[in-house]
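Before any comments, here is the structure.
The values are calculated or read from the model by the stated rules, or taken from the named source; none is laboratory data. In this text, all values refer to a predicted model and were calculated from it rather than measured experimentally. In this analysis, Cβ positions are derived from the backbone assuming ideal geometry, glycine residues included, and neighbour counts consider all displayed protein chains. Side chains included, ligands, DNA and RNA excluded: accessible areas come from the protein's heavy atoms. Shrake-Rupley method; radii C 1.70, N 1.55, O 1.52, S 1.80 Å.
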Amino acid sequence: MISRLEAQDLARLREAGKEKPLEPGMIAAIDAAAGGPGEGRGYYVVSGSLYPIEARDYHLREDVAEALFAAEGTSVSVTA
């Protein structure tokens with residue numbers, strides 16, 4: 001999935017860092033790289049409370065974040 005992200009999306013993820021919640025646009029980019037709407041689930045997880053739904057914070061799964069930041073300049077594959 002990481003290798004299928006657009007270059008600007010990779011740059012935005014790396015710029016934001018491992019700890020920052022994902023913005024809706026980044027979730028959409030991850031979904032698109034994973035194959036379509038909702039397909040990125042598993043690469044990102046909810047952090048904190050599940051309810052209310054509109055207050056959920058999504059973060060990259062820890063191993064995905066590690067691969068993303070370790071892969072700067074290389075191609076890495078992470079499976080959900």
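The table below lists the values:
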{"read-out": "Residue count, the stretch 6-20 (criterion: in contact with a strand residue (DSSP E or B) (Cβ under 8 Å, 6 or more places away or on another chain) and part of a helix (DSSP H, G or I))", "value": "1"}
{"read-out": "Residue selected from the stretch 1-22 under the condition acidic (Asp, Glu) and open to solvent by 80 Å² or more (accessible area, probe 1.4 Å), by the criterion farthest from residue 42 (Cα to Cα)", "value": "15"}
{"read-out": "Conditions (1) farther than 14 Å from residue 68 by Cβ; (2) touching a helix residue (DSSP H, G or I) at 6+ places or on another chain (Cβ under 8 Å); (3) modelled with pLDDT of 95 or more: number failed by residue 26", "value": "(1)"}
{"read-out": "Considering residues of the stretch 23-60 that are over 16 Å from residue 1 (Cα atoms) and part of a loop (DSSP other than H, G, I, E, B) only, the residue most open to solvent (accessible area, probe 1.4 Å)", "value": "51"}
{"read-out": "Count of the stretch 44-65 residues which are in contact (Cβ under 8 Å) with a residue 40 or more places away in the chain and either of a type in the set (A, V, I, L, M) or more than 12 Å from residue 21 (Cβ to Cβ) (or both)", "value": "3"}
{"read-out": "Inter-residue pairs, beta-carbon under 6 Å, first free of Cβ contacts under 8 Å to residues at least 40 places away in the same chain and in the stretch 14-35, second surrounded by fewer than 18 Cβ atoms within 10 Å (Cβ to Cβ) and of a type in the set (Lys, Arg), 6+ apart", "value": "33/4"}
